[in-house]
């Protein structure tokens, strides 16, 4: 069994050392920044831990803690921490990357080969994480060019300062030149302790994180990067398939075994973990950080990204889904400073100027029309005959004020008739 594990790369031969890869990863291609040597202090620490400058490496990333760790293989085949860096920026929230444009930095187990190292990156130096891997593809996850790079600017990547990426790059460069053919990156939402798993036990991503935790735990136990495979759309770790069987990312998992020593150590580790988890659940812990609410939120952010890339005015921050299913959107609007954004901004400015000119023209025409009406009314009033001023009597008042008939022959005759026949 141990011999088979060694052949598949689980223990001391976790990374195959098959000779120098200088033909693929050539010297001097990136200039001084790509050839910068590790500090003497780091080299001395490596020597004291039984590491050589060119021994194999691996990296671990923890989003919530904002840390990137470099581990190197010692002379006994196990790995030890040699350097830890504060991540300058990572975008998105806790949780995996789902689709292109969701701005999520990946979580999972990834592989970096020499061809993924970029000494001429526009972000100082960079290496591609290898997203999407077999697990991502099996689960329909999309995206490309997810990096660890410098320049401290991120839209889905893990960004370091230029000084940090020079050291991280040097670790990978030296290991490749020493014969390592690929190194592993383990990207986690947080350190997968009992306390943290209890904090996030009700999160939508907990099933995914519990799956990652198995690989995390096995590295914690034996300090060797786990052998990673995918079957039934799930990660599996340190599994050795039966002779003639292979792992298929979307197919059924083949019959497989694990070393008895690893299984025993894992069971003991789990017993301790479960007791700590039960205690953590009963205690008040720090509130969890925001996490991505699955594919639904990923689609919202991806649409926001698409509009932003076209230069449209969008909220300055991407939308997010709340626990109750409502959406939070910033009221502050902005536009990305890109060629498309600048063109759109210029078009908006021209349209605004045109509308302003049209409004001013309409206002001037209306004012002119009103002035002409006022002039015509004034002219008409000036030519009309004078009218006596004073109060205008009502009809009843006019009747009361009407002059009485003057007495005379006709008046007297009418009075007689009224007296005879009545009114």
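The values are calculated or read from the model by the stated rules, or taken from the named source; none is laboratory data. Quick caveat: nothing in here was measured; it's all calculated off a predicted structure. A quick note on method: Cβ atoms are made from the backbone with ideal geometry, for glycine too, and the neighbour counts reach across all protein chains shown.
Overview of values
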item	result
Test: residue in segment 308-325 that is surrounded by 15 or more Cβ atoms within 10 Å (Cβ to Cβ), part of a helix (DSSP H, G or I), free of Cβ contacts under 8 Å to residues at least 60 places away in the same chain and touching a strand residue (DSSP E or B) at 6+ places or on another chain (Cβ under 6 Å)	yes
Qualifying residue in segment 274-291 (condition: farther than 21 Å from residue 94 by Cα, assigned to a helix (DSSP H, G or I) and in contact with a helix residue (DSSP H, G or I) (Cβ under 6 Å, 6 or more places away or on another chain))	yes
Among (1) modelled with pLDDT under 90; (2) surrounded by 18 or more Cβ atoms within 10 Å (Cβ to Cβ) - the single one residue 298 does not satisfy	(1)
Selected residue (criterion: surrounded by the fewest Cβ atoms within 10 Å (Cβ to Cβ)) from residues of segment 238-250 that are without any contact (Cβ under 8 Å) to a residue 40 or more places away in the chain and closer than 18 Å to residue 139 by Cα	248
Test set (1) more than 17 Å from residue 228 (Cβ to Cβ); (2) touching a strand residue (DSSP E or B) at 6+ places or on another chain (Cβ under 8 Å) - residue 180 fails condition number	(1)
Residue 144 touching a helix residue (DSSP H, G or I) at 6+ places or on another chain (Cβ under 7 Å) and surrounded by fewer than 22 Cβ atoms within 10 Å (Cβ to Cβ)	no
Tally, over segment 183-216, of residues that are buried (at least 22 other Cβ atoms within 10 Å of the Cβ) and under 28 Å from residue 52 (Cα atoms)	7
Enumerated strands (runs of 3 or more DSSP E) restricted to segment 175-262, each holding at least 2 residues that are at positive phi and under 29 Å from the mean Cα position of the chain (by Cα)	none
Residue ID - nearest to residue 227 (Cα to Cα), chosen from residues in segment 147-159 that are in contact with a strand residue (DSSP E or B) (Cβ under 9 Å, 6 or more places away or on another chain) and surrounded by fewer than 22 Cβ atoms within 10 Å (Cβ to Cβ)	154
Residue 81 vs. criteria assigned by TED's automatic domain parsing to the domain that holds residue 202 and without any contact (Cβ under 8 Å) to a residue 24 or more places away in the chain	yes
Some residue of segment 118-128 being in contact with a strand residue (DSSP E or B) (Cβ under 8 Å, 6 or more places away or on another chain), outside any strand (DSSP E or B) and either under 30 Å from residue 217 (Cβ atoms) or not assigned by TED's automatic domain parsing to the domain that holds residue 62 (or both)	no
Within segment 36-53, tally of residues that are more than 20 Å from residue 163 (Cα to Cα) and touching a residue at least 24 places away in the same chain (Cβ under 8 Å)	4
